[in-house]
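Reviewing the structure listed below.
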Amino acid sequence: YLRRYIGDAQLAEDAFQATFLQVHLKCRQFDRYRALAPWLYQIATNQATDLLRRNRRYRAFSLNAALCSNGRGKKDASLLNADVAVGHHSTGWCNMANIAYRAGSQFSMNEAKEIGLEQWQELLTAMDDHVSAYDIKMESEAIRLSPMLELDQENEVFIGENAETANQFIKREYRKGYEVPEMVEKAAQS
C-alpha cells in the first residue's frame with residue numbers, strides 16, 4: 001500500500017517504520033471494538049502524507065548529480081546556493097546566540113526589567129510562562145541574560161558598551177578540514 005501511495009520504495013520503508021512506531025505509541029488509544037485494518041491504514045496514510053510534505057520541503061538530492069548534471073558536463077554550483085545560504089544564516093544566528101550566552105551572566109528579573117525595548121516585558125512574561133511549564137525558574141543557573149550587543153556587520157565585530165566582552169568570543173580560526181578557501185573569502189568580500 002505505502003509503495004503505491006508514495007511511489008518510492010525507500011520512502012515507503014521510512015513511512016512503514018514511522019507507522020509502526022505510531023502504532024506502538026498510540027496502541028492504548030485503539031478501540032478494541034473497531035476493526036484494526038482501517039486504523040492501521042489511517043496511521044500509514046497520515047505518516048506517508050507527512051513524509052511527502054517533509055520531502056517536498058527539504059528536497060534530498062545527490063550533490064554530485066546536482067553539480068554535474070546541467071547537460072553540458074560542467075558543474076553548476078548555483079543549484080546549491082539557496083541551501084548554502086540558509087545554512088549560512090542558521091549558523092550565523094547560532095553563533096550569535098552562543099556569543100550572547102557566553103558574554104551573559106546569571107539571569108536577574110530586576111536587570112531584565114531595566115531593558116527598555118519595545119515588547120520586552122511581553123517577551124519576559126512569555127519566556128517565564130514557557131520555562132515554568134518545565135519546572136525551571138527564570139532566576140536559575142540555566143538561564144542567562146546577555147548584555148546588549150551591537151554588531152558592526154561590515155567589520156564583523158561588536159561595538160559599543162559591551163563590545164570587549166563579546167569580541168573575545170569571535171574566532172577566525174577554523175578546524176582542519178573546515179577552513180574557508182581563500183577564493184571563497186575573496187568572492188564574499190566583493
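The table below lists the values:
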read-out: Residue that is nearest to LEU149 (Cα to Cα) [pool: residues in the range 100-127 that are open to solvent by less than 60 Å² (accessible area, probe 1.4 Å) and in a helix (DSSP H, G or I)]; value: ALA100
read-out: Options GLU161, GLU156: the member that is modelled with pLDDT of 65 or more, in contact with an Asp or Glu (Cβ under 9 Å, 6 or more places away or on another chain) and open to solvent by 70 Å² or more (accessible area, probe 1.4 Å); value: GLU161
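The values are calculated or read from the model by the stated rules, or taken from the named source; none is laboratory data. Everything quoted here is computed from the prediction, not taken from an experiment. Cβ: placed from backbone, ideal geometry, glycine included. Neighbour counts: every protein chain shown. What goes into the accessible areas is simple: the full protein's heavy atoms, side chains included, and nothing from ligands, DNA or RNA. Shrake-Rupley method; radii C 1.70, N 1.55, O 1.52, S 1.80 Å.
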